[in-house]
1. Determine the order of R301, R336 by accessible area, beginning with the largest, at a probe radius of 1.4 Å.
2. Based solely on its DSSP helices, what 222 nm [θ] is calculated for the chain when runs of n ≥ 4 H residues each add -39,500 (n - 2.57) and the sum is averaged over all residues, nearest 500 deg cm²/dmol?
3. Projecting each Cα onto the charge dipole of the chain (Lys/Arg +1, Asp/Glu -1 at the beta carbon, about the Cα centre), which of I305, P156, G234 comes out farthest on the positive side?
4. Write down the percent of antiparallel bridges among all DSSP beta bridges whose residues are both part of the stretch 338-478, to the nearest 5.
5. Work out the charge dipole of the chain with +1 on the Cβ of Lys and Arg and -1 on the Cβ of Asp and Glu about the Cα centre, then indicate which of P425, L342, F415 is farthest towards its positive end.
6. Taking the Cα centre of the stretch 202-329 as the origin, how large is its charge dipole in debye, to the nearest 20, when only Lys and Arg (+1) and Asp and Glu (-1) carry charge on their Cβ atoms?
7. Taking the Cα centre of the stretch 259-379 as origin, sum charge times position over the Cβ atoms of Lys and Arg (+1) and Asp and Glu (-1), and report the length of that vector in debye to the nearest 20.
8. Going highest first, how would you order 398-406, 356-364 by mean Cβ packing within 10 Å?
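The values are calculated or read from the model by the stated rules, or taken from the named source; none is laboratory data. Keep in mind it's a predicted model, so treat the numbers as computed, not measured. No Cβ is skipped: glycine too gets one built from the backbone with ideal geometry, and neighbour counts run over all protein chains shown. Note: accessible area is taken over every heavy atom of the protein model, side chains too, but ligands, DNA and RNA are not part of it. Shrake-Rupley method; radii C 1.70, N 1.55, O 1.52, S 1.80 Å.
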Amino acid sequence: MKKLIIPMMLTIGYISYADSYETNHSYKNEVSHHTHNTKFNVSENEIFKRKLLVPPLVKGEIEEGKRVFELDIQKGKWEFLEGKESETYGYNGAILGPVLSLNSNEKTKIKIKNNLSEETTVHWHGAIVSEEVDGVHNSEIKPNGEKEVEFTLNQPASTLWFHPHTMHKTASQVYKGLAGLIYLEDEMSKKLELPKTYGVDDFPIVIQDKKISEDGKLDYTTSHMEKIHGKSGGRLMVNGIISPYLDISNGMTRLRVVNGSNATNFNIDLSNKEFYQIASDGGFLKSPIKLNNLKLAPGERAELIIDSKDFNEKEYLYVNGSRALEFRKTNNIGLRSIPENLVEISKVDTENLKLNTRNFELKTTSNSNTINNTEYNMEKIDFNVKKGTKEIWNIINGDSMMDMPHPFHIHGAQFRIIERNGKEPPLNEQGWKDTVNIGAGENIKILIEYKADGIVVYHCHILEHEEMGMMGQFYIEK
Ligand code: C2O
Ligand code: CU
Ligand code: CU
């Protein structure tokens with residue numbers, strides 16, 4: 001892979017990786033490598049002998065009225081395959097990161113140190129924060145460099161996450177292990193009678209797929225076609241572990257699921273058993289939604305409640321038909337029920353609002369990934385809006401031949417879906433969202449209120465697409 005190191009303020013603009021790749025092999029042979037419905041190398045006999053990694057939940061220290069955290073970005077060694085080490089990246093550890101426990105409306109400070117030998121940034125996915133701390137513009141932390149960011153999240157309880165957003169390096173850095181969760185709590189979430197004992201009945205579940213070579217090494221090399229389709233990998237893992245097991249109590253367990261893969265859509269189920277979704281990207285749903293399966297695109301989160309009451313001794317969480325996680329039911333008694341209603345969420349009402357509509361078209365061709373036919377240009381602001389105003393975004397996946405779904409993500413915002421293909425969205429898409437999957441030919445309408453300020457980016461969360469240019473930016477004036 002050619003490395004292009006572009007200083008943040010360079011004026012020549014964006015150089016597409018696509019230009020430097022050969023495109024002499026025909027696209028047609030590759031059509032079957034779609035990112036959806038990827039099957040994994042997990043056999044029915046896979047032995048679930050490693051315990052699920054449960055990262056530490058950190059509450060920080062209170063200093064001068066701020067809750068202060070430290071994040072140490074580092075290289076580590078990790079055994080994806082038993083007895084075989086791979087180099088990885090992690091926050092405060094070899095892989096992934098701690099779960100940061102934040103409170104809504106509380107001043108938060110994060111002290112970041114970069115111990116990698118390359119620059120990185122930290123982006124707070126789903127957090128409504130302004131440009132200076134969002135981790136995209138002028139946020140580079142050089143090797144051995146340090147940075148402090150401060151923000152206050154005035155938004156509802158939710159499961160957010162953080163990951164690098166380094167120009168041309170986001171995809172490889174996330175793939176190498178950089179991803180952590182934020183548990184944002186508020187008065188409501190503290191009151192609701194839901195499973196909330198961390199590591200007992202409340203677990204972070206980061207699902208990813210990565211390519212691991214025979215010798216156990218993590219392999220992030222991407223061919224041109226892998227850039228075009230996004231990098232998927234043959235090995236499915238939960239919190240960095242292939243085929244882990246988890247002891248759960250007899251009763252309700254809360255799984256805070258993140259699709260942390262670079263490019264793979266996950267279809268999650270519990271064999272034939274039903275489960276509930278209680279939260280989407282940006283917070284609780286109005287009430288728990290009963291589901292048989294859940295589709296989760298890269299970047300999206302869902303909080304699930306599983307009830308082990310009728311489980312056999314062992315049950316499985318399936319991802320795209322493969323067993324991803326084994327549940328072992330213990331004799332501990334857990335919560336027996338969950339509330340019927342969670343939070344008040346207003347109906348999206350756009351009828352009485354005279355709102356401006358903006359159109360976005362996402363498109364993948366055999367050598368480009370664009371929004372409105374243009375690739376991202378760091379120097380160019382696509383449009384300006386005023387803080388506090390609302391608009392409708394009409395987003396179309398214009399792929400005709402590639403059949404690629406695109407998970408569309410907006411920084412510094414939580415939006416509501418007004419329509420999916422002209423119809424009311426399914427119940428589990430009626431809450432707060434920051435990422436929405438748009439299949440080929442599909443059309444999504446969202447209502448967004450501009451609450452952050454400064455330059456805000458929006459992009460496809462297939463990280464290779466984002467890096468190829470399927471990203472844009474706008475400016476929110478105070
Ligand atoms: Cu998780 Cu710009 O994204
Ligand atoms: Cu984001
Ligand atoms: Cu995409």
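1. On the way: R301 5, R336 130 Å².
So the residues, ranked largest to smallest area, are R336, R301.
2. Working: 4 runs with 23 residues, N = 478.
When only DSSP H runs of four or more count, the value is -1000 deg cm²/dmol.
3. Going by the charge dipole, the pick is I305.
4. Working: 31 of 42 bridges.
Restricted to the stretch 338-478, the bridges split so that about 75 percent are antiparallel.
5. The residue sitting farthest along the positive end of the dipole is L342.
6. Here the size comes out at about 160 debye.
7. On the way: 15 positive and 17 negative charges, 53 e Å.
It works out to roughly 260 debye.
8. On the way: 398-406: 19.6, 356-364: 16.7.
Highest-to-lowest ranking by the protection proxy: 398-406, 356-364.
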